Amino acid sequence: MAHWLFKTEPSEYSYADLVRDKRAVWEGVANATALIHLRKIVPGDVVVVYHTGNEKSAVALASVKRGAYADPKLDDPKRVVVDLVPTKPLAKPVPLAAFKADTVLATTDLVRISRLSVVPLTPEHFARILKLSGTSA
DNA sequence: GCCAACGTTGGC
DNA sequence: GCCAACGTTGGC
């Protein structure tokens, strides 16, 4: 089971939308590096949902329901998507500033590669996010 | 609104 | 295959 962080612009699709929909196809990832990560994702992987824009905070946990498959709306096998279901919100969000200030989380690609929308997390990163958010797994 | 950091495109 | 120009993302 791997851990990932997905960025989303909350005015376009937020964690609240995922809760409302109960399940979502995570589409629209076009960046080559992000797609490399996305292709490795399998059911049961854990996803930290991160809101960009004004919020700039990790806000919730979600779970992968269906692993990487070609986007049925596109005629391009490289453009894969995954299906997510909501798990729960973080007890308190973890802002980007906290990632940068934390010695463990400063090594995430969220900080190092600011434009990457699908970010791999190590188990240590994930545990640290849970701790800083006051959330139990 | 600006800019840094990339990624992509197209001319050569 | 290189690289300049341009577009996009996302933080500030």
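The values are calculated or read from the model by the stated rules, or taken from the named source; none is laboratory data. Since the structure is predicted, the reported quantities are computational estimates derived from the model, not experimental observations. Counting neighbours? That spans all protein chains shown, and the Cβs are built from the backbone with ideal geometry, glycine included. To get the accessible areas, we keep the full protein, side chains included, count just its heavy atoms, and leave off ligands, DNA and RNA. Shrake-Rupley method; radii C 1.70, N 1.55, O 1.52, S 1.80 Å.
Key figures
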read-out: Environment charge at residue A:83 (Cβ cut-off 9 Å; Lys +1, Arg +1, Asp -1, Glu -1); value: +3
read-out: Restricting segment A:62-137 to trypsin sites (Lys or Arg not before Pro) in coil, as DSSP defines it, with at most 14 other Cβ within 10 Å; value: A:73, A:78, A:115
read-out: Accessible area per residue, Å², chain A with all protein chains present, probe 1.4 Å; value: 52
read-out: Chain A - mean residue ellipticity at 222 nm from DSSP helices (-39,500 (n - 2.57) per run, n ≥ 4, rounded to 500); value: -6500 deg cm²/dmol
read-out: C-alpha long axis of helix A:123-133 to longest principal axis of chain A, angle in °; value: 60
read-out: Prolate/oblate/rounded label for segment A:3-133 (Cα gyration tensor, a/c 1.5); value: prolate
read-out: Local net charge near residue A:130, Cβ-Cβ under 12 Å (Lys/Arg +1, Asp/Glu -1); value: +3
read-out: Label-point separation, residue A:63 to residue A:33 (7 Å along Cα→Cβ), nm; value: 3.1
read-out: Sulfur and carbon atoms: percent of accessible area, chain A [1.4 Å]; value: 56
